[in-house]
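Please read the structure below before turning to the comments.
The values are calculated or read from the model by the stated rules, or taken from the named source; none is laboratory data. Model, not experiment: these values are computed from the prediction. Cβ placement follows ideal geometry from the backbone for every residue including glycine, while neighbour counts extend to all protein chains displayed. To get the accessible areas, we keep the full protein, side chains included, count just its heavy atoms, and leave off ligands, DNA and RNA. Shrake-Rupley method; radii C 1.70, N 1.55, O 1.52, S 1.80 Å.
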Amino acid sequence: MYTTDQYEGMLAETVAMRGANGDRVLAYCARPLGAGPFPGMVLIHHMPGWDEWYREATRKFAHHGYVAISPNLYERSGHGAPEDVAAAVRADGGVPDDQAVVDLEAAMHYLRALPYVNGKIGVFGTCSGGRHAVLVASRVAGFDAVVDCWGGGVVMPADQLTPRRPVAPIDYTAGLDCPVLGLFGAEDHSPTTDEVALHEEALKEHGKEYEFHMYEDAGHGFFYYHRPNYRQAQAVDGWEKIWTFLGRNLAA
Amino acid sequence: MCTMIVQKVPLEGFGKGAGGWFDMDQANVSWDHPFHAPEEHALNIDFVNDAYGPGARVAVELSVEGARQLVETIQSVLGEAEERGLI
């Protein structure tokens, strides 16, 4: 908890790392000033892109004591206004899962190499980023906690599988080796309450540690204060649940 | 891309984007999250030319009703032009 007499400083800047295929991937990194050691968080942006909300969220995690990095998963689609880049990715049916997983693994290793990180790394994502969070933590070792905020497409019927998204993340559940926090809205169309229930069933079946919260009177993206789906009370509660969950799982 | 409902159609035409007029060669039509429309999903059409980068884009985000009316109206206008021998 922050107090008014406490020193606080933060460094936030664009950095670069090597992602899938050795490609340069830009990332936004924010960290508290000081020697730490601080836990690390990989933030995965949503379908609307590597945008202002994600920069704010990255700084929010730093404010709460995390070294946070948010890589631009849309790097290969060119540069421009985040919406324009995201529109190009939307037209292509999203980024390939394999590419996203390697980019996110690289972000995790980037954090692990920093001298002020305590060796514990979590991953947070919203919307398509929530799906990516579940996916990468299930396919790659090295994450210590997952926060999935309304990730649609964790459960995918066979007819929705594509060359870019060939396997539903739920089918990798056996490989998940860290606790999951899931925050969902009961009025969401993706994921639906039925899809969340299927995901929960799979986690139970494989003996995974998880906590899911389904918020009433909330739909997709209820944290986004700039969108009509914003739900103040649910968002405040959701953020509190995130800090409690991460505090429990990422302390050194 | 959350819904994955998207189709691309090649076309010839010109669009006025943020940087002025450009020759577009494709329309990307999706039912997915809009960037501006205050809805979870919208019928989005992006008129683009990938050769000029992601900024060469004329975007519209339509309601279902508006999109259907637009389709009917385009067909109606083209039909009338054909009837009058203008096409």
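Here are a few things to note about the model shown:
- Residue match in the range A:103-119 (condition: within 14 Å of another protein chain (Cβ to nearest Cβ), crowded, with 16+ Cβ neighbours inside 10 Å and not in a strand (DSSP E or B)): no
- Taking every residue in the range A:196-209 that is open to solvent by less than 60 Å² (accessible area, probe 1.4 Å) and pairing it with any residue that is among the charged types (D, E, K, R) and at pLDDT below 95, at least 6 positions away or on another chain, yields no pair with a Cβ-Cβ distance below 8 Å.
- Candidate set from the range B:1-43 (those that are within 20 Å of A:Ala81 (Cα to Cα), open to solvent by 40 Å² or more (accessible area, probe 1.4 Å) and not in a strand (DSSP E or B)); member that is farthest from the other protein chains (Cβ to nearest Cβ): B:Gly19
- Some residue of the range A:240-251 being under 20 Å from A:Ser128 (Cβ atoms), acidic (Asp, Glu) and not in a loop (DSSP other than H, G, I, E, B): no
- Filter pass, A:Gly125 being part of a strand (DSSP E or B), more than 11 Å from chain B (Cβ to nearest Cβ) and open to solvent by less than 20 Å² (accessible area, probe 1.4 Å): yes
- In the range A:70-87, residue farthest from A:Ile44 (Cα to Cα) [restricted to those that are assigned to a loop (DSSP other than H, G, I, E, B) and under 17 Å from the mean Cα position of the chain (by Cα)]: A:Tyr74
- Every residue from the range A:89-102 that is touching a residue at least 12 places away in the same chain (Cβ under 8 Å) and part of a helix (DSSP H, G or I): A:Val89, A:Arg90, A:Asp97, A:Asp98, A:Gln99, A:Ala100, A:Val101, A:Val102
- In the range A:144-183, residue surrounded by the most Cβ atoms within 10 Å (Cβ to Cβ) [restricted to those that are assigned to a loop (DSSP other than H, G, I, E, B), charged (D, E, K, R) and out of contact with any strand residue (DSSP E or B) (no Cβ under 7 Å at 6 or more places or on another chain)]: A:Arg165
- One residue alone among A:Ala86, A:Ala81, A:Ala57 is without any contact (Cβ under 8 Å) to a residue 12 or more places away in the chain and of a type in the set (A, V, I, L, M), and that residue is A:Ala81.
- Exclusive hit being within 17 Å of B:Gly13 (Cα to Cα), among the small types (Gly, Ala, Ser), without any contact (Cβ under 8 Å) to a residue 60 or more places away in the chain and open to solvent by less than 30 Å² (accessible area, probe 1.4 Å), set B:Ala56, B:Ala51: B:Ala56
- Residue among A:Ser190, A:Ser138 that is within 18 Å of the chain's Cα centre (by Cα), crowded, with 21+ Cβ neighbours inside 10 Å, of a type in the set (Gly, Ala, Ser) and away from every other protein chain (no Cβ under 12 Å): A:Ser138
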